[in-house]
Amino acid sequence: MRKDFEPKPWFFPLPVLIVATYDENGNADAMNAAWGGLYESDQVELCLSAGHKTTKNILSQKAFTISFATGKYVEACDYVGLESGNNVPNKLEKSGFTTQKSDAVNAPVIQELPMCLECTLIRQTEEGNIIGRIEKISVDESYIGENGIDVEKMEFISFDPIHNVYRVVKQAVGKAFADGAKLK
Ligand SMILES: Cc1cc2nc3c(=O)[nH]c(=O)nc-3n(C[C@H](O)[C@H](O)[C@H](O)COP(=O)(O)O)c2cc1C
């Protein structure tokens, strides 16, 4: 037996993307976005409301960064999804995040979050979605070990839209493009 539900934005895993931008005065802002993903192998798509400070900043500066949220900074990551830079100019300062300007694009890189996609705006779709090109990926060296990038240590989080909670994405349970081969 299966139970049926009305259509809702129940989708797994939803990412927790922290999108950071500058405004025309160089003031940094950031927001939380769950509705986003890959568009091409070097391109991303974000579904952002037009009124957000972030959306206006992306359109004016043609650049943004996406950092993946982590369990360690869950409060700050949630906070930037609750308050708008339109009303709170020192929002980023209040979050406790610190930033440095990307050396690839005109957007801030959040120092506390370990992995960041540094992107330029390609275009806005008819529906208003943002399509960006990944110009560079930067990773905090303290998360790079002998075996390369230590994703388990980063403790990225996913947004669970059924229970409105964040969940840690952690241990590997299988090898992609490999485990299924047994069934061929
Ligand atoms: C878990 C979570 C996910 C969110 N996902 C999105 C999203 O995908 N798109 C969007 O436009 N807003 C999303 N928001 C809302 C924005 O983050 C929020 O309105 C924020 O205050 C906008 O900030 P800004 O005006 O400084 O850019 C999300 C908020 C939370 C808490």
Quiz item: In terms of modelled amide H atoms, which long-range or inter-chain residues lie less than 5 Å from the amide H of Thr98?
Solution: Gln111, Glu112
Exercise. For every other residue with a beta carbon closer than 12 angstrom to the beta carbon of Glu155, add +1 if it is Lys or Arg and -1 if Asp or Glu, then tell me the sum.
Key: +2
Quiz item: How much accessible area per residue does the range 25-157 have, in Å², with a 1.4 Å probe?
Solution: 52 Å²
Quiz item: Name the residues of the range 1-28 whose amide N is less than 12 Å from a point 7 angstrom out from the Cα of Ile162 along the C-beta direction?
Solution: 3-5, 10-13
Exercise. Consider just the alpha-carbon atoms of the range 87-184 and return their Rg together with their Dmax, both in angstrom.
Key: 17.8, 57
Self-check item: Ordering of 51-59, 111-119, 4-12 by burial proxy (mean other Cβ atoms within 10 Å per residue, highest first)
Solution: 111-119, 51-59, 4-12
Exercise. Can you tell me the dipole magnitude for the range 78-120 around its Cα centre, using point charges on the Cβ only (Lys, Arg +1; Asp, Glu -1), in Debye to the nearest 20?
Key: 100 debye
Quiz prompt | Nearest-20 debye value, the range 14-183 charge dipole, Cβ charges on Lys, Arg, Asp, Glu | solution = 160 debye
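May I ask you to list the GluC sites (Glu not before Pro) in the range 145-184 that are in a DSSP loop and have at most 15 other Cβ atoms within 10 Å of their Cβ?
Of the GluC sites (Glu not before Pro), the ones in loops of the range 145-184 whose Cβ has at most 15 other Cβ atoms within 10 Å are Glu146.
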Quiz item: What does a probe at Gln100 reach in the range 38-72, counting residues whose amide N is under 20 Å from the point 7 Å along Cα→Cβ?
Solution: 64-70
Quiz item: In the chain, with Lys and Arg counted as +1 and Asp and Glu as -1 at Cβ, which of these residues, Met31, Cys77, Gln171, has the Cα nearest the positive end of the dipole, that is, farthest along it?
Solution: Gln171
Quiz item: Round to a whole number: what % of the accessible area of the range 14-183 belongs to carbon and sulfur, probe 1.4 Å?
Solution: 50 percent
Quiz item: Among Lys8/Lys62; Lys8/Lys56; Lys136/Lys184; Lys136/Lys170; Lys62/Lys94, which pairs are too far apart, with a Cα-Cα distance over 30 Å?
Solution: Lys8/Lys62; Lys136/Lys184
Quiz item: Residues in the range 1-44 near a label at Val88, defined as backbone nitrogen under 18 Å from the 7 Å Cα→Cβ point?
Solution: 17-23, 27-34
Practice problem: Would you kindly calculate the translational diffusion coefficient of the range 117-159, applying Stokes-Einstein with the Kirkwood radius from alpha carbon pairs, for 4 °C and a viscosity of 1.567 mPa s, and quote it in µm² s⁻¹ without decimals? | Solution: 100 µm²/s
Quiz item: For the range 14-183, what percent of Cα pairs sit more than 18 Å apart?
Solution: 60 percent
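The values are calculated or read from the model by the stated rules, or taken from the named source; none is laboratory data. Being a predicted model, the structure only gives us computed values, none of them experimental. Here the Cβ is made from the backbone with ideal geometry for all residues, glycine too, and neighbour counts use every protein chain on show. The area values use the complete protein model at the heavy-atom level, side chains included, leaving out ligands, DNA and RNA. Shrake-Rupley method; radii C 1.70, N 1.55, O 1.52, S 1.80 Å.
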